[in-house]
Amino acid sequence: MFYLHISNRTENLLAQLGTVLQADRQDPFSRELFLVQSQGMERLILQSLADQLGVFANFRFFFPLELLHYIAELLDLGISPDGFDRNILLWRLELLLRESDIYENSSLQTFLTGDNAARKRFQLARRLADCFDQYQLMRSEMIFHWQEGKNFFKDCSVESWQMALWQRLLAQKGGDKHRAKFFREMIVFLQQAKPGSLAAVLPYRISVFGVHTLPPLFLEYLSSLARHVDIHFYLLSPCKHYWGDIKGRGAWIHEALTTSCIPENEEEPFEAHPLLASLGRQGRDLQNIMVEIDFAMEFASYTDPVEMAKEEKRRPRLLEIVQSDLLAGRVHFGQISCYDSSLRIISCHSRLRELEVLRQHLLDLLEKNKKLQLRQIVVMAPDLQDYAPFIPAVFHDMEYSLADRSLRLRNQVVAAFTLFLSLFSGRFGRSEILELLQYQVVASRFSLNTSELEKISHWTEKAGVRWGLSANHRQNLGVHPFAQGSFRAGLDRLLMGYAVSCDDFIDGILPFSEIEGKEAQALGGFCEFIDFLDRTRVVFDKEHSLTEWEFLLQDCISHLFIDDNSADLTELRVLLASLSESERFTGPQSVEFQVIEDWFNGRSSESLSSSGFLRGQLTFCSMLPMRSIPFQVVCLLGLDDGVFPRSDRKDTFNLLAASRLPGDRSARSDDRYQFLEAILAARDTLYLSYCGQSEKNGEHLPPSVVVAELLELLDKGYGIKNIVVSHPLYPFSSRYFDNSCPDLFSYSEEDLSVAQSQQNLFDTPSLSESPFSWWSGTVEPAEETVSAGELLEFYKNPPAWFVRNSLGISFNLDKVDGEDSEMFEPDSLVDYRVNETLFQRLFFAEKKDDKEELLQKFQDAGQWPLGNPGKLRFYHHYKELEDFVAQAKSLPLGFPLPDRSLAVEICCETINLCIGATLTHRYEGGNLQVFCGRLKGYHLLSAWICHLFENYQSQNPRSTWLLTREGCGCFQQKHVEEFAATDLSFDHLVKLWQQGRRQPLPLYTEPAFIFARHYIDGKGNSLAKAVQSAQYSIDNGWEPEWNLLLAGKSVEKSLNDDFRRYAEKILVPLYRIFVESGGIL
């Protein structure tokens, strides 16, 4: 018999379920069966029945089609295997689409011709499989027409080729029994069987729970099954009256306009509840279908929240009033005298801010309601995976669980295997391969740890590895088979360098000599990994049958991961095991690798898990249909316009769009009804959040249409306006702490501290005179030691040195763009490094190196462009360097002298330290400082500091030559004596270093040099040119440390008197010496 239980609250339905199970006990060894449409509902039922009955066991839950197959097996009517399962149907269609006569003279030619035909054919087959899967339940009459060779629609151009495909599916071996036919046979069998004749094989009772939409065919099947089994249908309904005929305002107006009259005896939509009309389409369809079912008994149990509030002698809250009006089916218009916080609507700037604001509201709810527990709170989003990366950072100190994450995101083995497969569709870039090794499950298989992976990254970069496994691999990709920059060429360099320490070519291989000792173990593991990829590439380049692909992929798992029978690894193997099931119907079916990759990506992304749902913690989950589970606090995030509800995007050939029928699934209608169920599920607080402000300019952004409809109801129905609370961009905004808006609050002490610091920053006049807004105070160094190298590094960029060395903040600006591509044109930094290397070879080497050999060394190391363009450019550089070396050799340097090590003790005022230095490039005629580029301020300071070291308390005064592409200057002993009591003295430079390591100083070396150049040359405003230079460096991202220290303060204000003194007293004199000694050519 068929029983209907209906209520507006899931708790009431659960109570009725428990009562039925207690009152009508069956054989304790007979299993209790349930039909649900979500795993979350399954968990709720189990927890509720365990609470009501004390112990609940021997049960089984089914999804609709699973129940169909289970009952069929009990009656010996089952289909095994199911050839019309969507995942099998996909491959059957893919094979049929290869037959050209199917799509001749049809629109299918658009989808199946051109490049990547195999991949497009597979993608079309996947879309068609989705359509055919729905046709079997939603359009069974159409399927039977096709089976007889008749068109179902008139003048429908896309129906004929679909009917042809369907008929060929039926003609395949063992593939003639589809689900529409299966349903029809089951219904006929159940209707013809006498009541009670199947009691021995069928279950005693089936409970249908948490379902708000079903195809009419399935309801007909349940009705037929109810002749032999007690079926209890527990239906959640927002309204206690029949509301199947309620129309939305748009439908009502459209009907009035098309008929030119207002229908008689029909209420205007303004009289009926607008949310029922706009959000309840799926529920109305089910109610209309169920009207035709003859239920044996109906049990209604409605709860009016307003009446409950009156019984408790308190004022009804806003959320309760909205729920009560939904139950009544109409809005009781009236002003609400006092707005409460039971309904909160929040506008933020980003998803991260949504979570940060949510956290503060949850803390507020937990603080004000001591009985509230985290397990009574649910946070839902249209797609939780959009928020999953931020949740651990924001809710790190709360117990929470995540549900509804795809297999790829929650399973590290699947994620690594997905990346592994993607390599074979690309060029095997260096960064992609190293990214795969970052997965511990992969690295451990090749005995590699984190420190060894860092070494491998360094080795491959320095060995010139960029992309491609080998020259042969590149040839297969359709490019010239060159080896330089490939992994094979890089590994040859690494292995040769480990075997032989040499700087010259050996058997055509340039050794990379940084690897020694136990590091060979890491190199061996990496070689094994690259060999595995190369062997697999050769196999994947060929077509294989689905059974062969399954075997190959399972074999790859064995080589890529340690076979420890972990749950993650087992899940991946089970996923791959379903690949070849369709060949029972099609026979061997050869496909390309790209098709297999598409199949795997689709399966791994669509497999969601509800394992984190209702785990006794704060629950984060996606907004999925049929999840009408009550919570004290229901929070909905991501209610943005265009994001929720989803749009119904059906393919142009999808015949469901030709005519909509009750029971048809619609993503947009599902989302709308889910929002309505969320309103009903909240018991204490409903929290709605959306990105209503632009991150870039603060522009207002509209909310989801469902939120807009709710706001309209609150405005016109209850007189509540301005309920949306717009939050600031940052959590440390002073608005959270100054009581300017009671709806803005924060429980974060850290944000309060930052807000107070900001306020103090604006309130303290002295700070406005500081060159830097971001930093105040001093840093005490751990020790007072310094080397010449540290001193030189400091004067290269004093503000940046303070950030990196004193504060320990590192901006990793290593070049990553293009690291997977061979060099096509060297940038200025590469030019400079190559020029330095060439200068060392040409000036200091006793024997002149072969030009061709030098070029090949640079190219093998990835430091120079390949081919003839690189060769021509190198020859040009080589000629320029020869001229530069000739200029250096023309200097009166004399014979070379040995390096000199010394320790300089400085004791004056607050300075008392010893500076160690080793001076190189010493000659009879003086020391030589060479920079193979244009003159910079750092070059002047470096040469001057080395000059001071050489002449510090020296009995033999010496000169220091500074050679650059712009000319050559000379610092002499007289200059040391001339500036002994100035800012260029050794003591003052060390004192500036001491100050600069404790607090940032506006000593911008290169802008100061620009100042000095224009100051001496007399060309333009020197300070304006310095400001322009500093601003240009910041705008191009070259000086992130400056940008951090300035924190929005203008560069012009930062270049204060300290900067001007640094430029005038240090850089100007040094540049003048350089110019007057003949430096500028």
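The values are calculated or read from the model by the stated rules, or taken from the named source; none is laboratory data. All values reported here derive from a predicted model rather than from experimental measurement. All Cβ positions, even for glycine, are placed from backbone atoms using ideal geometry, and neighbour counts span all protein chains on display.
Laid out as a table, the results:
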quantity: Residue count, the range 495-538 (criterion: assigned to a loop (DSSP other than H, G, I, E, B) and farther than 20 Å from LYS455 by Cβ); calculated: 6
quantity: Filtered residues of the range 934-987 (kept if aliphatic (A, V, I, L, M) and part of a helix (DSSP H, G or I)); calculated: LEU940, LEU941, ALA943, ILE945, LEU948, VAL976
quantity: Selection from the range 557-586 of residues that are under 29 Å from LYS173 (Cα atoms) and without any contact (Cβ under 8 Å) to a residue 24 or more places away in the chain; calculated: ARG573, VAL574
quantity: Out of GLY1020, GLY1048, sole residue that is outside any helix (DSSP H, G or I), in contact (Cβ under 8 Å) with a residue 24 or more places away in the chain and of a type outside the set (Lys, Arg); calculated: GLY1048
quantity: Of all residues making up the range 194-226, the number that are assigned to a loop (DSSP other than H, G, I, E, B) and among the basic types (Lys, Arg); calculated: 1
quantity: Single match in LEU624, LEU618, LEU614, LEU552 (criterion: over 25 Å from VAL413 (Cα atoms) and touching a strand residue (DSSP E or B) at 6+ places or on another chain (Cβ under 7 Å)); calculated: LEU618
quantity: Given (1) in contact (Cβ under 8 Å) with a residue 24 or more places away in the chain; (2) touching a strand residue (DSSP E or B) at 6+ places or on another chain (Cβ under 9 Å); (3) loosely packed, with under 14 Cβ neighbours inside 10 Å, index of the condition ALA489 fails; calculated: (3)
quantity: Some residue of the range 519-532 being of a type in the set (Asp, Glu), assigned by TED's automatic domain parsing to the domain that holds SER470 and at pLDDT below 95; calculated: yes
quantity: Single unsatisfied condition, LEU962 versus (1) crowded, with 19+ Cβ neighbours inside 10 Å; (2) without any contact (Cβ under 8 Å) to a residue 60 or more places away in the chain; (3) not aromatic (Phe, Trp, Tyr); calculated: (2)
quantity: Residue in the range 348-358 that is surrounded by fewer than 21 Cβ atoms within 10 Å (Cβ to Cβ), out of contact with any Cys (no Cβ under 9 Å at 6 or more places or on another chain) and of a type in the set (Lys, Arg) present; calculated: no
quantity: Residue list for the range 910-933, restricted to those being touching a strand residue (DSSP E or B) at 6+ places or on another chain (Cβ under 6 Å) and assigned to a loop (DSSP other than H, G, I, E, B); calculated: HIS921, PHE931
quantity: Test: residue in the range 300-308 that is of a type outside the set (Lys, Arg) and modelled with pLDDT under 75; calculated: no
quantity: Unique residue being in contact (Cβ under 8 Å) with a residue 24 or more places away in the chain and either of a type outside the set (S, T, N, Q) or in a helix (DSSP H, G or I) (or both) when the list is GLN191, GLN167; calculated: GLN191
quantity: Scan of the range 570-609 for residues that are farther than 16 Å from ASP555 by Cα, aromatic (Phe, Trp, Tyr) and in contact with a Ser or Thr (Cβ under 9 Å, 6 or more places away or on another chain), ordered by number; calculated: none
quantity: Check on ARG660, free of Cβ contacts under 8 Å to residues at least 40 places away in the same chain, over 24 Å from TYR387 (Cβ atoms) and outside any helix (DSSP H, G or I); calculated: yes
quantity: Test: PHE505 is among the aromatic types (Phe, Trp, Tyr), over 28 Å from GLN412 (Cβ atoms) and surrounded by fewer than 15 Cβ atoms within 10 Å (Cβ to Cβ); calculated: yes
quantity: Of residues in the range 661-672 being touching a Pro at 6+ places or on another chain (Cβ under 7 Å) and closer than 25 Å to VAL322 by Cβ, the one surrounded by the fewest Cβ atoms within 10 Å (Cβ to Cβ); calculated: ARG668
quantity: Which listed residue is part of a loop (DSSP other than H, G, I, E, B), surrounded by 13 or more Cβ atoms within 10 Å (Cβ to Cβ) and either out of contact with any Ser or Thr (no Cβ under 9 Å at 6 or more places or on another chain) or on the phi < 0 side of the Ramachandran plot (or both), from LYS154, LYS150, LYS177, LYS173; calculated: LYS177
quantity: Restricting the range 27-49 to residues that are over 39 Å from the mean Cα position of the chain (by Cα) and surrounded by fewer than 18 Cβ atoms within 10 Å (Cβ to Cβ), the residue that is nearest to LEU137 (Cα to Cα); calculated: ARG31
quantity: Unmet criterion (only one of (1) part of a helix (DSSP H, G or I); (2) hydrophobic (A, V, I, L, M, F, W, C); (3) modelled with pLDDT under 85) for LEU872; calculated: (3)
quantity: Members of the range 384-431 that are buried (at least 17 other Cβ atoms within 10 Å of the Cβ) and either of a type in the set (D, E, K, R) or at positive phi (or both); calculated: ASP404, ARG405, ARG408, ARG410, ARG427, PHE428, ARG430
quantity: LEU68 being crowded, with 16+ Cβ neighbours inside 10 Å, out of contact with any Ser or Thr (no Cβ under 9 Å at 6 or more places or on another chain), of a type outside the set (Phe, Trp, Tyr) and at pLDDT 85 or above; calculated: yes
quantity: Cross-chain or 6+ apart pairs with Cβ under 9 Å, the range 2-13 first and in a loop (DSSP other than H, G, I, E, B), then surrounded by fewer than 20 Cβ atoms within 10 Å (Cβ to Cβ) and β-branched (Val, Ile, Thr); calculated: ASN8/THR303; ARG9/THR303
quantity: Answer from ALA309, ALA296 - the residue that is surrounded by fewer than 21 Cβ atoms within 10 Å (Cβ to Cβ), more than 47 Å from the chain's Cα centre (by Cα) and not β-branched (Val, Ile, Thr); calculated: ALA296
quantity: Count of residues meeting criterion [acidic (Asp, Glu) and either surrounded by fewer than 15 Cβ atoms within 10 Å (Cβ to Cβ) or touching an Asp or Glu at 6+ places or on another chain (Cβ under 8 Å) (or both)] in the range 530-554; calculated: 3
quantity: Identity of the residue in the range 428-452, touching a residue at least 60 places away in the same chain (Cβ under 8 Å), among the aliphatic types (A, V, I, L, M) and part of a helix (DSSP H, G or I), that ends up farthest from ASP564 (Cα to Cα); calculated: ILE433
